[in-house]
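Q: One structure is given below, represented as structure tokens, and several questions about it will come after.
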Amino acid sequence: MPTILDGRKIANDIKKEVAFKVTSLKDAGKRAPHLAIIICGDDSASHTYVGGKINACKTVGFDYTLMQVATTISEEKLIQHIDNLNQDPDIDGFIVQLPLPDHISVEKITGRILPEKDVDGFTNQNFGSIVTQNPLLLPATPFGIMELLKRYEIETKGKHCVVVGASRIAGAPLSLMMMQQGLATVTVCHKYTENLEAHTVSADILIVAVGKPGLITADMVKEGAVVIDVGTTRVDDASAKSGFRLKGDVDYDKVAPKTSFITPVPGGVGPMTIASLLMNTLRAYEMRIS
Ligand code: NAP
């Protein structure tokens, strides 16, 4: 039987550690770290994710500011909000919840955030800091996955890690982190990879970040592999109260018995992403104070 990598439990452990530091700061007469979140429009999934981030701030004792802007906001106006947050001495870090409406360039918006306040770790400088081995604020989802592996004491050094998906926020930074910090031998697969299975089946550690439920089937996984499923897709489910449920990229029921460790969806990578956001905000605060 595999060990389930319990992202909720580890994220709760991290929240306790962050809360302890915040209490110590307050006891020493200092202010709490302050996270701001800009959310654009009324996409229900985005509001759910942001709700989770606000609850996490409340749990650890961070100050937080939620800025709701209309879907029709101009790119120029959104940039003004970012500039204001960049200059606000009371804000330690902030994020702009994705996705953004089509008329707004994600590259332009994330590129405008000061790297030292970029607690999602999306800016070019923070992305690049992975390879300079002097990380500032690491991309939140990959950071959370590395932390999960570390806390379960899963050896990555010298292992063959196959990352499926090469996006700017998940697969690409993760593959660099597995190489630089994890000292793994890394293969990156993407949409144009031929014969995906030939790669995945040789993975000691298989990390999938695509957004296609059921992409990874049991015959694509090596016996005893560690499997990390980043995929989070809403699929209709009339039996669920919300009318949907979340599905990962891995065919969990069939794949899990072959693995040594596996993340569930939900409850695996998702909570770790929020925990990373908290760790990055605390780090941004500490860098500013020092
Ligand atoms: P994305 O930007 O759409 O990237 C998906 C990546 O997979 C791209 O590199 C894409 O290639 C590649 N791809 C598409 N089809 C493929 C295939 N058949 N085989 C191999 N690679 C393929 O998505 P993302 O933002 O990285 O997110 C991926 C999934 O992870 C989504 O379900 C998302 O909701 C989830 N996610 C979860 C968290 C969390 O905290 N739990 C965080 C981030 C993302 P092209 O670029 O060439 O199309």
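The values are calculated or read from the model by the stated rules, or taken from the named source; none is laboratory data. Quantities reported herein were computed from a predicted structural model and do not represent experimental measurements. When we count neighbours, we look across all protein chains shown, and the Cβ atoms used for this are built from the backbone with ideal geometry, even at glycine. Only protein heavy atoms, including side chains, enter the accessible area calculation; ligands, DNA and RNA are left aside. Shrake-Rupley method; radii C 1.70, N 1.55, O 1.52, S 1.80 Å.
Q: Return one number: the angle in degrees, 0 to 90 and rounded to the nearest 10, between the long axis of the Cα atoms of helix 7-27 and the longest principal axis of the Cα atoms of the chain.
A: 20 degrees
Q: Net charge within 10 Å of L282 by Cβ-Cβ distance, Lys/Arg positive one each and Asp/Glu negative one each, not counting L282 itself?
A: Cβ neighbours under 10 Å give a net charge of -1.
Q: At what distance in nm do the modelled label points of L66 and K212 sit from each other, each positioned 7 Å from its Cα along Cα→Cβ?
A: 3.5 nm
Q: Evaluate E = 1/(1 + (r/R0)^6) for D90 and K16, where r is the Cβ-Cβ distance and R0 equals 25 Å; express this FRET efficiency to the nearest 0.05.
A: Result of the calculation: an efficiency of 0.45.
Q: Which whole-number percent gives the relative contact order of the chain, counting Cα pairs below 8 Å spaced six or more residues apart?
A: 22 percent.
Q: Lys/Arg Cβ at +1, Asp/Glu Cβ at -1, dipole of the range 1-154 taken about the Cα centre: which of I113, V60, V96 is farthest positive-ward?
A: Looking along the dipole axis, the top candidate is V60.
Q: Ordering I109, I169 by accessible area with a probe of 1.4 Å, largest first, what comes out?
A: I169, I109
Q: Leaving ligands, DNA and RNA out of it, report the carbon-plus-sulfur percent of the accessible area of the range 29-114 at a 1.4 Å probe.
A: That share works out to 51 percent.
Q: Using only DSSP helix segments of four residues or longer, with each worth -39500 (n - 2.57), what per-residue ellipticity at 222 nm results for the chain after dividing by its residue count and rounding to 500?
A: That comes out to -12000 deg cm²/dmol.
Q: Using each residue's phi in the range 274-290, evaluate 6.51 cos²θ - 1.76 cosθ + 1.60 at θ = phi - 60° and report the 3J(HN,Hα) Karplus result to the nearest Hz, with x for Gly and Pro.
A: Rounded to whole hertz, the list is 5, 4, 5, 4, 5, 5, 5, 5, 5, 5, 4, 4, 5, 5, 5, 5, 7.
Q: Another question about this same structure. Using the Cα centre of the range 29-114 as the reference point, and only Cβ charges (+1 on K/R, -1 on D/E), how large is the resulting charge dipole? Debye, rounded to the nearest 20.
A: It works out to roughly 340 debye.
Q: Given the pairs K30/K77; K21/K150; K9/K108; K108/K191, which span a C-alpha to C-alpha distance of over 27 angstrom in this model?
A: Exceeds cut-off: K30/K77; K9/K108.
Q: Rounded, prolate or oblate: which fits the chain, taking a ≥ b ≥ c as square roots of the Cα gyration tensor eigenvalues, rounded meaning a/c under 1.5, else prolate when a/b beats b/c?
A: Prolate shape, in that a/c is at least 1.5 and a/b is the bigger ratio.
Q: Is the shape of the range 29-114 best called rounded, prolate or oblate, per the rule: a/c under 1.5 gives rounded, else a/b larger than b/c gives prolate, else oblate, with a ≥ b ≥ c the square roots of the Cα gyration tensor eigenvalues?
A: oblate
Q: Computed from the mean reciprocal separation of all distinct C-alpha pairs, what Kirkwood hydrodynamic radius does the range 140-270 have, in Å?
A: Its Kirkwood hydrodynamic radius stands at 14.6 Å.
Q: Still on this structure: Could you tell me the accessible area of R288 in Å² (1.4 Å probe, neighbours in place), rounded to the nearest ten?
A: 90 Å²
Q: So what's the gap between the Cα centers of the range 123-160 and the range 165-241, to the nearest angstrom?
A: Computed from Cα coordinates, the inter-centre distance equals 16 Å.
Q: In whole Hz, with x marking every Gly and Pro, tabulate ³J(HN,Hα) for the range 256-270 from phi via Karplus 6.51 cos²θ - 1.76 cosθ + 1.60, θ = phi - 60°.
A: Each residue's phi maps through the Karplus curve to give 3, x, 8, 9, 8, 9, 8, 8, x, 10, x, x, x, 6, x Hz.
Q: What aspartates and glutamates could a cross-link reach from K117, if we take a straight Cα to Cα line under 18 Å and drop same-chain neighbours fewer than 8 places away?
A: Cross-link targets: D63, D83, D88, D90, D92, E107, E286.
Q: Please list, in order along the range 149-162, the HN-Hα scalar couplings obtained from phi with the Karplus expression 6.51 cos²θ - 1.76 cosθ + 1.60 (θ = phi - 60°), rounded to whole Hz, x for Gly and Pro.
A: Working through the residues one at a time gives 4, 4, 6, 8, 6, 8, 5, 10, 4, x, 7, 8, 10, 10 Hz.
Q: Picking from Y49, A11, T23, whose Cα lies most toward the positive end of the charge dipole for the range 10-73 (charges on Cβ: Lys, Arg +1; Asp, Glu -1)?
A: Among Y49, A11, T23, the one farthest towards the positive end of the dipole of the range 10-73 is T23.
Q: Taking the Cα centre of the chain as the origin, how large is its charge dipole in debye, to the nearest 20, when only Lys and Arg (+1) and Asp and Glu (-1) carry charge on their Cβ atoms?
A: Approximately 580 debye in magnitude.
Q: With the Cα gyration tensor of the range 1-59 giving a ≥ b ≥ c as the square roots of its eigenvalues, does the rule (a/c under 1.5 for rounded; else a/b larger than b/c for prolate; else oblate) give rounded, prolate or oblate?
A: The shape class here is oblate.
Q: Name the most mobile residue of G270, G214, G93, meaning the one with the largest mean-square fluctuation, in a Gaussian network model of the chain with Cα contacts below 10 Å.
A: G214
Q: Taking 0.36 nm per residue of sequence separation and subtracting the Cα-Cα distance, how much length would be gained by fully extending the chain between K150 and N124, in nm to one decimal?
A: 6.8 nm
Q: Can you find, among A198, P139, S290, the residue farthest towards the positive end of the dipole of the chain? Put +1 on the C-beta of Lys and Arg, -1 on that of Asp and Glu.
A: The listed residue farthest towards the positive side: S290.
Q: Using a probe radius of 1.4 Å on heavy atoms only, what accessible surface per residue do you get for the chain? Whole Å² is fine.
A: With all protein chains present, the chain gives 47 Å² per residue.
Q: Here is a follow-up. Need one number: nm distance between label points at T3 and E286, each 7 Å from Cα along Cα→Cβ, rounded to one decimal.
A: 2.6 nm
Q: Would you please name the GluC sites (Glu not before Pro) within the range 160-237 that are DSSP coil residues with at most 12 other C-beta atoms within 10 Å of their C-beta?
A: Counting only loop positions with at most 12 other Cβ atoms within 10 Å, the GluC sites (Glu not before Pro) in the range 160-237 are E194, E223.
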